[in-house]
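Reviewing the structure listed below.
Every read-out reported here was derived from the displayed coordinates using simple, explicitly stated rules and does not represent laboratory data. In this text, all values refer to a predicted model and were calculated from it rather than measured experimentally. Note that each Cβ is placed from the backbone with ideal geometry, even for glycine, and that neighbours are counted across all protein chains shown.
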Amino acid sequence: MAYDKNNIFAKILRGEIPLKPSEKIYENEFVLSFYDINPKKKIHALVIPKGEYSDLDDFSKRASEKEIAELIKGINIVAKKLEISINGGKGYRTIANIGENGGQEVPHLHFHLFGGEKVGKMVS
Ligand code: AMP
């Protein structure tokens with residue numbers, strides 16, 4: 001699928017839809033993290049790459065080794081910052097929805113991080 005530059009996360013990355021300081025969790029050269037607008041658990045964060053990738057398949061195919069490593073590290077940095085990682089917290093779940101059957105709504109790769117309470121069944 002070609003990358004849609006008009007998706008909401010692309011607009012957030014370009015600063016066209018600014019995040020309030022309270023919404024932003026973490027940012028570096030490669031990733032941005034912010035709270036999900038419609039939280040499904042006590043803590044529900046999103047981690048996205050700054051590059052234009054529509055989903056995990058696209059990312060695996062086109063991203064550099066550095067971008068791939070930084071995204072995985074970014075998830076861990078955010079989990080630690082939110083105190084939901086197993087180092088300092090009680091654990092969390094991360095998922096990426098991919099495409100129609102995966103239930104992906106925003107066509108910019110993002111990992112959801114759920115925590116702060118028991119997350120429950122893996123798939124309902
Ligand atoms: P997915 O179904 O995996 O594509 O998830 C997209 C997620 O993005 C949903 O959980 C939405 O609540 C969330 N979302 C959509 N717009 C925004 C926004 N402006 N800020 C934060 N989260 C958003």
Inset, instruction - Give the calculated FRET efficiency between residue 117 and residue 7 to the nearest 0.05, with a Förster radius of 22 Å applied to their Cβ-Cβ distance. - result: 0.15
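Using the beta-carbon distance between residue 105 and residue 26 and R0 = 22 Å, what value does 1/(1 + (r/R0)^6) give for FRET efficiency, to the nearest 0.05?
0.50
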Legend entry - Acute angle (nearest 10 degrees) that the helix 65-81 long axis makes with the longest principal axis of the chain, alpha-carbon atoms: 30
Legend entry - Simple label model, 7 Å out from Cα along Cβ direction - residue 73 to residue 87, nm: 1.2
Inset, instruction - Under a cut-off of 26 Å between alpha-carbon atoms, report the lysines in cross-link reach of residue 121, not counting same-chain residues fewer than 8 places apart. - result: 40, 41, 42, 73, 80, 81, 90
Inset, instruction - Assuming a ≥ b ≥ c are the square roots of the Cα gyration tensor eigenvalues, decide whether region 1-106 counts as rounded (a/c under 1.5), prolate (otherwise, with a/b larger than b/c) or oblate. - result: rounded
Inset, instruction - Compute the relative contact order of region 8-115 as a whole-number percentage, counting only Cα pairs closer than 8 Å that sit 6 or more residues apart in sequence. - result: 30
Legend entry - Separation in nanometres of the label points that stand 7 Å from Cα toward Cβ, at residue 98 and residue 14: 2.7
Inset, instruction - Report, in deg cm²/dmol and to the nearest 500, the calculated mean residue ellipticity at 222 nm for the chain, where each DSSP H run with n ≥ 4 adds -39500 (n - 2.57) and the sum is divided by the residue count. - result: -7500 deg cm²/dmol
Legend entry - Peptides ranked, highest mean first, by Cβ atoms within 10 Å: ranges 11-24, 92-105, 50-63: 50-63, 92-105, 11-24
